[in-house]
Amino acid sequence: MLKISTRGQYALLIMMDLAEAGDESYIPLKTLSHRRNLSVKYLEQILIHLGKSGLVIGSRGTNGGYRLSRPVNDYTAGDILRAMEGELSPRGASENNHLESEGNDFFWKEFTTNINNFVDSITLDELVQKNRAFVGYDYCI
């Protein structure tokens, strides 16, 4: 079964936070940690993966933090999820020979293609815009 880990889910949220800040602004690690109620150590692990994948840039010092490495509309949900999860496939890395048949292989290849096409069709900018639209429905009683 294809399951996106908690780290993958948080990576999408963190990237949305960075996108909200814009291309030039660095957001301090503590600010990101506070926004998502995550430990700094856990958040660092996520940002290290995102940095190694070239999705974010980190800066040290007083005005340091993290920011996106390229314009927000250049990212897809697939880019972010693959940085955290590796290849997105419902079958996993190991293929069992006794499960192979032309029809079975066709199904799994198409399923994998559809999953990847979907996550690659959603941009980070779209996620940010949807999030902004949803925030408008916030209210307190």
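The values are calculated or read from the model by the stated rules, or taken from the named source; none is laboratory data. Here the structure is a predicted model, which is why all the values come from computation and not from measurement. When we count neighbours, we look across all protein chains shown, and the Cβ atoms used for this are built from the backbone with ideal geometry, even at glycine. Side chains are part of the model used for accessible areas, which takes the heavy atoms of the whole protein and leaves out ligands, DNA and RNA. Shrake-Rupley method; radii C 1.70, N 1.55, O 1.52, S 1.80 Å.
Summary of values
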item	result
Scan of region 57-69 for residues that are open to solvent by 10 Å² or more (accessible area, probe 1.4 Å) and in contact (Cβ under 8 Å) with a residue 40 or more places away in the chain, ordered by number	Tyr66, Arg67
Of the criteria (1) among the β-branched types (Val, Ile, Thr); (2) buried (at least 17 other Cβ atoms within 10 Å of the Cβ); (3) in a strand (DSSP E or B), which one Ile46 fails	(3)
Residue in region 97-111 that is under 21 Å from the mean Cα position of the chain (by Cα), more than 23 Å from Ala21 (Cα to Cα), modelled with pLDDT under 95 and open to solvent by 60 Å² or more (accessible area, probe 1.4 Å) present	yes
Test for Ile57: is it at pLDDT 85 or above and not in a strand (DSSP E or B)	no
Residue selected from region 1-18 under the condition of a type in the set (Ser, Thr, Tyr) and not in a loop (DSSP other than H, G, I, E, B), by the criterion nearest to the chain's Cα centre (by Cα)	Tyr10
Residue that is least open to solvent (accessible area, probe 1.4 Å) [pool: residues in region 19-43 that are outside any helix (DSSP H, G or I) and at pLDDT below 90]	Gly22
